[in-house]
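Below is one structure, written out as structure tokens; the observations come after it.
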Amino acid sequence: MIFLYILLAILALLIILVLVAPKKYNVHRSITINKSVPEVYQYLSHIKNQDHWSPWKQRDPNMKQTFTGEDGTVGFVSRWESDHKQVGHGEQEIMGMEANKRIDTALRFLKPWKSESSAYMETHEADGGGTKVVWGFYGTHKVPMNVMMMFFNMDKAVGKDFEEGLDALKKVLEN
């Protein structure tokens with residue numbers, strides 16, 4: 001009988017965790033680049049340029065990459081495969097573009113685990129000149145991933161990568 005009570009308590013705890021665990025996430029970071037909005041947007045609109053500033057490309061410069069479509073246009077897909085645990089396998093597809101304002105992409109991760117997120121790059125006229133770039137991604141955690149995310153700070157982990165990438169982007173564009 002004690003075993004049954006313990007089992008019911010564990011089941012109740014799991015149900016409560018599923019109900020209270022966050023299901024949505026949104027991580028973003030920004031930086032100001034001393035270049036005009038059109039210059040920065042034009043550079044960002046080409047996914048292949050990420051090879052020069054992406055923190056994940058820096059972790060595995062030898063990752064296998066394939067491309068489909070015309071870079072800088074809606075429908076372009078960049079696929080990657082890496083044995084590096086922080087890079088994995090996946091693809092990024094340009095889903096929407098608003099000239100000099102925003103680029104929306106779909107991120108589909110295949111390994112080390114499957115997930116989908118929406119990502120974006122925004123460009124804004126910065127106060128005092130230059131371009132404010134906002135890089136972010138958002139999505140929904142499915143059960144049981146939402147429970148596991150209670151013990152993992154995605155904002156801190158991915159935000160650090162975004163900061164690293166934006167710093168590298170600034171160096172590339174300002175040099």
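Rounded to the nearest 0.05, the FRET efficiency derived from the C-beta distance between Leu110 and Lys171 at R0 = 30 Å is 0.50. Which one, Thr105, Ala21, Ala9, projects farthest toward the positive side of the charge dipole computed for the chain from Cβ point charges (K/R +1, D/E -1)? The residue sitting most towards the positive pole is Ala9.
Within the set Lys35/Lys85; Lys64/Lys156; Lys85/Lys170; Lys132/Lys171; Lys48/Lys170; Lys114/Lys171, which residue pairs have Cα atoms separated by over 24 Å? Result: Lys35/Lys85; Lys64/Lys156; Lys85/Lys170; Lys114/Lys171 exceed 24 Å.
Viscosity 0.692 mPa s, temperature 37 °C: what is the translational diffusion coefficient of the stretch 97-175 from Stokes-Einstein with a Kirkwood Rh over Cα pairs, rounded to a whole number of µm²/s?
Details: Rh = 14.6 Å.
D = 225 µm²/s.
Extending 7 Å from the Cα toward the beta-carbon at both Lys101 and Lys132 defines two label points whose distance is 1.6 nm.
Would you mind getting me the FRET efficiency between Ile6 and Lys142? Use the beta-carbon distance for r and R0 = 22 Å, nearest 0.05.
0.20
Rg and Dmax of the chain, both derived from C-alpha coordinates alone, stand at 19.3, 71 Å. Between Val18 and Tyr120, the distance separating the two model label sites (each 7 Å from Cα on the Cα→Cβ line) works out to 3.2 nm. Each Lys and Arg contributes +1 and each Asp and Glu -1, all at the Cβ; summed about the Cα centre of the stretch 24-174, the dipole is approximately 480 debye. Highest GNM mean-square fluctuation among Leu14, Leu44, Leu107, for the chain modelled with Cα contacts below 10 Å: Leu14. When you restrict to C-alpha pairs under 8 Å that are six or more residues apart and normalise by the size of the stretch 24-174, the relative contact order lands at 31 percent. Relative contact order of the stretch 1-89, taken over Cα pairs closer than 8 Å and 6 or more residues apart, is 17 percent.
Where a number appears in this text, it was derived from the coordinates with a stated rule and is not lab data. All values derive from a computational prediction rather than experimental measurement. Counting neighbours? That spans all protein chains shown, and the Cβs are built from the backbone with ideal geometry, glycine included.
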